Amino acid sequence: MGYVRNPTMGMVFVLDNKPAMVVDDDVNKDAAWNRHVELIRLRKELASTVREWTHQEDKLKTRVAELETDNVKLQTEIDTIRLVNGTLEEELDDWKNSAKQAAEEDCLRGEKHCTCVPLLRKELSDARDLLRDILEDPESWWRDDVRALLGGE
């Protein structure tokens with residue numbers, strides 16, 4: 001390590017048998033060396049900073065990808081909930097309309113129906129459908145799903 005006069009390049013600072021810095025004859029060699037050392041230090045610091053930023057960027061890209069995946073899943077869940085909510089709102093409106101019709105309907109003797117009438121009518125309709133199924137296939141009443149509908153075990 002030290003300065004060597006090179007006939008073509010002038011004064012050359014040699015480090016590990018390799019030219020590290022060319023210095024003109026009229027330049028203060030110590031000041032030039034200090035600038036050179038500071039430049040090397042800054043280059044190393046810059047390389048370290050770039051590596052750290054690259055690492056942070058990779059971590060951020062991974063997190064963004066995770067959040068995008070979560071966003072797709074949540075959007076799917078939201079769409080499903082909206083669909084179910086729409087169906088439930090339609091069913092609720094149907095129940096409200098049925099209850100309103102039942103309350104407004106007069107019996108033969110001028111009696112008013114209570115709001116349980118739509119439910120009873122639905123149960124009657126389901127029972128008729130079940131009876132039709134049993135009459136079409138007499139063995140079907142042994143099936144577990146039919147026995148459950150009939151209130152069996």
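Please treat every number below as a calculation from the coordinates, not as lab data. The structure presented is a predicted model; accordingly, all values stated were derived computationally and were not measured. All Cβ positions, glycine included, derive from the backbone under ideal geometry; neighbour counts span all protein chains shown.
In plain terms, the residue of LEU119, LEU88 with the fewest other Cβ atoms within 10 Å comes first and the most crowded comes last, giving LEU88, LEU119. Think of each Lys and Arg Cβ as +1 and each Asp and Glu Cβ as -1; about the Cα centre, that makes the dipole of the range 32-92 roughly 1000 debye.
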